[in-house]
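Derivation of every value follows stated rules applied to the coordinates shown; laboratory data play no part. All figures in this text were calculated on a predicted structure; none of them were measured in a lab. When we count neighbours, we look across all protein chains shown, and the Cβ atoms used for this are built from the backbone with ideal geometry, even at glycine.
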There are 2 protein chains.
Amino acid sequence: MAQIDHTVHVALGERAYDILIGPKLIEEAGAILAEKFPGRRYGIVTDEMVAGAQLPRLTAGLDAAGLSYDTIVLPAGESTKSYGMLEKVVEGLLSAKLERGDLVIALGGGVVGDLAGFAAAVTRRGMDFVQVPTSLLAQVDSSVGGKTGINSPHGKNLVGAFHQPKLVLADLSALDTLDPRQFAAGYAEVVKYGLIDDPEFFEWLEANRVEIFSGGPARGEAIARCCAHKARVVIADEKETGVRALLNLGHTFGHALEKDTGYSSRLLHGEGVAIGMVLAHGFSNRLGLAPGQDSGRVAAHLQAAGLPTRLADIPGELGSTDELMAAIAQDKKVSRGALTFILTRGIGQAFIERQVDPQAVRAFLEEMRAK
Amino acid sequence: MAQIDHTVHVALGERAYDILIGPKLIEEAGAILAEKFPGRRYGIVTDEMVAGAQLPRLTAGLDAAGLSYDTIVLPAGESTKSYGMLEKVVEGLLSAKLERGDLVIALGGGVVGDLAGFAAAVTRRGMDFVQVPTSLLAQVDSSVGGKTGINSPHGKNLVGAFHQPKLVLADLSALDTLDPRQFAAGYAEVVKYGLIDDPEFFEWLEANRVEIFSGGPARGEAIARCCAHKARVVIADEKETGVRALLNLGHTFGHALEKDTGYSSRLLHGEGVAIGMVLAHGFSNRLGLAPGQDSGRVAAHLQAAGLPTRLADIPGELGSTDELMAAIAQDKKVSRGALTFILTRGIGQAFIERQVDPQAVRAFLEEMRAK
């Protein structure tokens, strides 16, 4: 029997699904899938990085359960979230003669999950899919909630679909082999849940950060609490017409910085979010909304986790402020020309502000660049 | 005020919309949209063929209503339903800085509607769109029901989304400039509605075919009845998990023939459907399900409308029976390896059969090729 430490139910009516969290779920996926989805065939989508450590664990379990599958292996990295790779995955699923009732398995981090989920959404106008997230970021954020997609030259995630998985299997042991920098980047999204509306969780993170990084039971608990938080938000607002936008705390600044650094290893997504959250707190403080000591506490916690917190922490030259502002304006969280930001009144008190003055943002960015 | 001859409501809850049918709705679109969707911007997607006759009519109305829009013009023809053109439309919408709340207008036939609708479905994870169908096929079939998509080298419409329009404007005058061969091809889909479950409508078509082709009031009435029929089916089964498959009458054979002829002008979609419907009736007769006189009556009516009804009517050489069978097996209406066909017990008595023996299909095709 599979060892399941935590189960989070995402109650979305006929699109409802479970997130299972446990130490060895990749090996156990075959048995779980055979029981939950009898008679299906599988298309595994993964990347070259993940395939080495995790694919044999998954396929051994599928083989043991007698399941039939094909595998599509993609290059690793954010640039894989492209039109060309979408075509490659869709055509691969069709070549494997997978049918509408069959299942796509996304084995990997956020890139694989977003791309494979989008490919599942559009192949034969919608195949089912299962997320097997192997990074902390994917386990607490991208594998939950049904946002799938690829990047456009105009910006990140501008092309995609809302397509909920049928099941999420978060294997804790996969995190043991994760590059520490990737783990820290994922941790930025963990912190985000505290900053949005759960100051007690932020305090708990301050007390348990070391154990979360070293792999004690607090790690699984942190992941479960993040998934439960995200599930509540997604249930309330699946298509992001309202409160779901709170999950974008730090992301408008973060996406602009990611675009500016070419979605390269200069700045991982979670690192952009870390800087973005510090900027969102600082900007809210500048507007007289949030106390300065909260900004400091946020920055200190992220810094202790090994994350960048200032523009100056990004290696290399940043683009001009004009370029950053253009990237901010093109972010999809813009409505009718006014800038929408997630601002905050302090730790755990984020809110959506749809009337942010672009000049105030520009002035704040200019000042932050000088630091 | 716009002259609206018929209104068909598609009652899909929060995705409900109206199909308006009238003589000059392209000119009147600007005024209608300004009233229904105040404050939106527009991205018009059309093709080079339609742009000549219809685009100035549309933009004049949008200009008069003071609406802001960008236009994306694509090459005409089925090969436009490709990954490359999807990227072109999505990037065009993003370049025009259209936002999630803005609207895509699909001005054209089925190709434009399917492609523009799919682009709307995936741009910023879902923009609204309006169908302005300019072919008979699009007015009675492809613009209604939310199926959008592109073609794969593996087959037609294998990549796409269910994405309902916010409004359909069927302009009858657009049909006056339609190539007669295209009009006849669209008429095959009109006949289909009678053949599925409405023998009285088939009889009415036999009596009114000449007026429908010459452009009298029966034309608008035929379109309205087809839209109402399709709306009922889509309301009952939006995602085609059941009865909606009946709308594929003639399409499994038809898609295989279209694939075999390279989606070229050798065989238009509606022409493939015409032959496919005759084959479906003939095959049902061969299985002892349907009376032979019904097959003859169907073939006679389609032939009188100028449509091909036999494999031998397709110009050029067809591929081997093996190739046709492979195309049939790859059609997305296949489930768990068994062939699914829409068969019939006679005119107006179609049904879904999920256990068709491939050998019987092969033998029937071999025989039909010899004719």
TODO: Give, rounded to the nearest 20 debye, the magnitude of the charge dipole that chain A has about its Cα centre when Lys and Arg contribute +1 at Cβ and Asp and Glu contribute -1 at Cβ.
DONE: 700
Task: Zone residues, region A:261-279, relative to A:SER79, backbone N less than 12 Å from point 7 Å out along Cα-to-Cβ - done: A:262-265
- [ ] Measure of size requested: the Rg and Dmax of region A:180-370, with Cα atoms as the atom set and Å as the unit; please supply both.
- [x] 15.7, 47
- [ ] Please provide three numbers in whole Å: the alpha-carbon extents of region A:266-356 along the principal axes, with the largest listed first.
- [x] 39, 32, 19
- [ ] Excluding B:ILE21 itself, calculate the net charge of residues whose Cβ lies under 15 Å from the Cβ of B:ILE21, where each Lys or Arg counts +1 and each Asp or Glu counts -1.
- [x] -4
Open item on the list: Using a 7 Å offset from Cα along the direction of the beta-carbon, what are the separations from A:GLU211 to the same position in each other copy, nm, ascending?
Closed with: 8.2
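Note down, for the protein assembly as shown, the three equivalent ellipsoid semi-axes (square root of 5 times each alpha carbon gyration tensor eigenvalue), biggest first, whole angstrom.
On the way: eigenvalues 492, 197, 75 Å².
Working through the eigenvalues yields semi-axes of 50, 31, 19 Å.
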TODO: At a temperature of 37 °C and a viscosity of 0.692 mPa s, determine how fast region A:121-234 diffuses translationally according to Stokes-Einstein, using the Kirkwood radius over alpha-carbon pairs as Rh; express D in µm²/s, rounded to the nearest whole number.
DONE: 218
TODO: Identify, among A:LEU158, B:ILE328, B:LEU343, the residue whose Cα sits farthest towards the positive end of the charge dipole of the protein assembly as shown, taking +1 on the Cβ of Lys and Arg and -1 on the Cβ of Asp and Glu, with the dipole about the Cα centre.
DONE: B:LEU343
Task: Relative compactness, region A:6-177, computed as alpha-carbon Rg over 2.2 N^0.38 Å - done: 0.92
Open item on the list: Pick from B:VAL130, B:VAL89, B:VAL210 the residue whose mean-square fluctuation is largest in a GNM of chain B, springs joining Cα atoms under 10 Å.
Closed with: B:VAL210
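Taking 0.36 nm per intervening residue step and subtracting the Cα-Cα distance, what contour gain separates A:ALA31 from A:ALA329 on full extension? Please report the intermediate quantities before stating the final value.
On the way: separation 298, 0.36 × 298 = 107.28 nm, distance 4.70 nm.
Here the segment from A:ALA31 to A:ALA329 would lengthen by 102.6 nm.
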TODO: List the residues of region A:152-173 whose backbone N lies under 20 Å from a point placed 7 Å from the Cα of A:HIS9 along the Cα-to-Cβ direction.
DONE: A:164-170
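Enter the mean number of other protein chain beta carbons within 10 Å of the beta carbon of each residue in B:87-98, as an integer.
Working: counts 7, 0, 0, 6, 6, 0, 4, 8, 3, 0, 5, 0.
Whole-number average of other-chain Cβ neighbours for B:87-98 is 3.
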TODO: Name the residue, out of A:GLY316, A:GLY262, A:GLY160, whose mean-square fluctuation peaks in a Gaussian network model built on chain A with Cα pairs under 10 Å.
DONE: A:GLY316
Task: A:MET1/B:ASP313 FRET efficiency (R0 45 Å; Cβ-Cβ; nearest 0.05) - done: 0.15
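Just from its helices, what would the mean residue ellipticity at 222 nm be for chain B, if runs of 4 or more DSSP H residues each count -39500 (n - 2.57) and the sum is divided by every residue, rounded to the nearest 500 deg cm²/dmol? Working shown, then result.
Working: 12 runs with 173 residues, N = 371.
That comes out to -15000 deg cm²/dmol.
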Task: Per-residue Cβ neighbour rank within 10 angstrom, fewest leading, B:ASP63, B:ASP18 - done: B:ASP63, B:ASP18
TODO: Per residue of B:99-107, count partner chain C-beta atoms within 10 Å of its C-beta, then hand back the mean as an integer.
DONE: 2
TODO: List every residue whose amide H lies under 5 Å from the amide H of B:SER152, counting only residues 5 or more places away in sequence or on a different chain, with H placed 1.01 Å from N in the peptide plane.
DONE: B:ASN157, B:LEU158, B:VAL159
Task: Between helix A:110-122 and chain A: long-axis angle, C-alpha atoms, 0 to 90°, nearest 10 - done: 60
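Taking the Cα centre of the protein assembly as shown as origin, work out the dipole magnitude from +1 charges on Lys and Arg Cβ and -1 charges on Asp and Glu Cβ, in debye rounded to 20. Could the numbers behind the result be given before it?
Details: 74 positive and 90 negative charges, 68 e Å.
Once rounded to the nearest 20, the dipole reads 320 debye.
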Task: Cα-Cα P(r), region A:69-112, percent of pairs per 5 Å interval - done: 5, 20, 32, 25, 14, 4
Open item on the list: Projecting each Cα onto the charge dipole of region A:6-177 (Lys/Arg +1, Asp/Glu -1 at the beta carbon, about the Cα centre), which of A:PRO133, A:ALA65, A:THR80 comes out farthest on the positive side?
Closed with: A:THR80
Open item on the list: Taking a point 7 Å out from Cα toward Cβ as the label site, list the nm distances between B:ARG232 and the same residue in every other copy, smallest first.
Closed with: 4.8
Open item on the list: Out of all DSSP beta bridges in chain A, what portion is antiparallel? Express it as a percent rounded to 5.
Closed with: 45
Open item on the list: Of the candidates A:SER82, A:SER284, A:SER95, which one comes out as most mobile in a Gaussian network treatment of chain A with C-alpha springs shorter than 10 Å?
Closed with: A:SER95
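With +1 on each Lys and Arg Cβ and -1 on each Asp and Glu Cβ, how big is the dipole of region B:189-370 about its Cα centre, in debye rounded to the nearest 20? Don't skip to the answer; put the middle values down first.
Details: 20 positive and 24 negative charges, 58 e Å.
Charge dipole, region B:189-370, about its Cα centre: 280 debye, nearest 20.
Can you pull the mean other chain C-beta count within 10 Å for peptide A:122-130?
For this peptide, the per-residue mean of nearby foreign Cβ atoms is 5.
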Task: Rounded Å value of the spacing that divides the Cα centres of region A:128-144 and region B:108-166 - done: 30
Task: Contact order relative to length of chain B, as percent, for alpha carbon pairs under 8 angstrom and 6 or more apart - done: 15
TODO: Counting other beta carbons within 10 Å of each Cβ, put B:TYR42, A:TYR263 in order, fewest first.
DONE: A:TYR263, B:TYR42
TODO: Mind checking which of A:TYR187, A:GLY276, A:ALA224 is farthest towards the positive end of chain A's charge dipole, using Cβ charges of +1 (Lys, Arg) and -1 (Asp, Glu) about the Cα centre?
DONE: A:GLY276
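In whole angstrom, how long is each semi-axis of the equivalent ellipsoid of chain A, when you take the square root of 5 times every eigenvalue of its Cα gyration tensor and sort them from largest down? Can you show the working numbers first?
Values: eigenvalues 233, 97, 66 Å².
In descending order, the three semi-axes are 34, 22, 18 Å.
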Open item on the list: List, shortest first and in nm to one decimal, how far the label point of B:ALA329 (7 Å from Cα along Cα→Cβ) is from its counterparts in the other copies.
Closed with: 5.6
- [ ] Taking 7 Å along the Cα-to-C-beta vector as the label spot, tell me the B:VAL210-A:ASP237 distance in nanometres, rounded to one decimal.
- [x] 6.3
